[in-house]
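Taking it in order: structure first as structure tokens, then the write-up.
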Amino acid sequence: MRFVPLLVLALALVLPAKAEPGQPVLRVMPFGGDALSASEATALQNLITSYVVEMRNFRVIDTEGQELALREAETAVQLGVPKDVAPLAADFILSGDASSVAGIIVFTLDLTDVSSGEKRSVSDTATSVNELILASRRLTQSLFPAPPSPVSDASESGPPDGQPGSQEGVAAETGRSVPDFDPSPSLAEIAGAWKGDKGLERISLFDDGRGIAILLSGASMRVRASIDGSKVLIVQDQTSIPDYYRSPGLEYAAAEQVAEKARPWKWVFSLTRSGDRLVGTKESVFVKVDSSGTVSVDNNYVRDSEWTRLFR
């Protein structure tokens with residue numbers, strides 16, 4: 001069986017409070033496909049189910065849960081304890097399938113309206129199970145649109161205090177003195193998990209320079225790290241999507257415009273000698289929307305940035 005670290009998190013999820021009675025019932029069918037083992041499919045199913053429950057738009061059930069309820073009712077009857085059982089009839093069916101095509105995982109989520117047979121689908125590709133798990137929130141949000149959280153510089157109202165890119169600016173913002181930096185960092189030294197700053201939840205960097213950044217919205221971004229002398233360069237390694245820029249003040253149509261115009265995200269860091277902080281600047285965009293709805297994108301925007309190591 002393949003070892004997938006993120007499965008531990010997925011299997012350990014505790015679902016939020018259930019939706020209100022009277023809401024439509026959504027039944028989650030067991031996920032399948034030849035690209036996942038049984039445990040991986042179950043973990044992914046549990047993870048996506050938790051995201052649906054978070055929306056509080058459905059009463060969510062699955063086959064296993066309903067069977068447990070029926071067995072409990074049967075036991076109660078055998079013990080002579082009255083037990084009313086009213087199995088919930090599904091209004092919607094959620095199913096997932098992961099197929100392997102030329103070494104790539106093709107994952108599809110289907111939502112079927114039981115009354116009409118109408119089906120909505122979203123699909124995406126991944127190179128590994130970990131990458132698929134990291135993309136699962138974004139896929140769920142695509143199938144079940146929900147108000148996004150602030151995820152990027154698009155929500156910033158003005159430039160940061162201090163001179164962008166100066167170590168003094170970072171020190172003033174964090175209240176710490178200027179740290180001592182490693183003059184010759186390596187990819188091996190920066191490999192591990194990092195806590196990002198504004199808009200970033202977590203970044204995983206690998207020895208070969210590959211990386212995955214998870215935004216606060218749940219969207220994922222491939223990044224690539226390289227070393228340039230004493231500097232650590234981390235750049236966006238895929239095409240921009242609207243989810244990178246959506247915020248309460250920026251609707252999807254506007255975010256699409258930003259994604260088309262925005263330059264790739266880029267961080268220029270120095271690694272502290274202790275190896276626990278990356279300190280430097282982020283090169284991104286500053287977005288403005290005027291009263292007429294016109295979107296303008298400033299691709300010269302730079303601000304101070306700092307990441308903190310979570311673990312190696």
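Here are the numbers for the structure shown:
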quantity	calculated
Number of the exception - Asp207 against (1) open to solvent by less than 70 Å² (accessible area, probe 1.4 Å); (2) in contact with a helix residue (DSSP H, G or I) (Cβ under 7 Å, 6 or more places away or on another chain)	(1)
Of all residues in the range 107-129 being open to solvent by 50 Å² or more (accessible area, probe 1.4 Å) and in contact with a strand residue (DSSP E or B) (Cβ under 8 Å, 6 or more places away or on another chain), the one that is nearest to Gly211 (Cα to Cα)	Thr127
Breaking point among (1) modelled with pLDDT under 90; (2) crowded, with 19+ Cβ neighbours inside 10 Å, for Thr63	(2)
Strands (runs of 3 or more DSSP E) (entirely within the range 92-144) containing at least 2 residues that are among the acidic types (Asp, Glu)	104-113
Candidate set: the range 281-312, residues that are β-branched (Val, Ile, Thr), open to solvent by 60 Å² or more (accessible area, probe 1.4 Å) and part of a strand (DSSP E or B); chosen: the one farthest from Val223 (Cα to Cα)	Val289
Single unsatisfied condition, Gly175 versus (1) at pLDDT below 90; (2) in contact with a Gly (Cβ under 8 Å, 6 or more places away or on another chain); (3) not hydroxyl-bearing (Ser, Thr, Tyr)	(2)
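The values are calculated or read from the model by the stated rules, or taken from the named source; none is laboratory data. Keep in mind that what you see is a predicted model, and the values were worked out from it rather than measured. Virtual Cβ from ideal backbone geometry, glycine too; neighbours counted across all protein chains shown. To get the accessible areas, we keep the full protein, side chains included, count just its heavy atoms, and leave off ligands, DNA and RNA. Shrake-Rupley method; radii C 1.70, N 1.55, O 1.52, S 1.80 Å.
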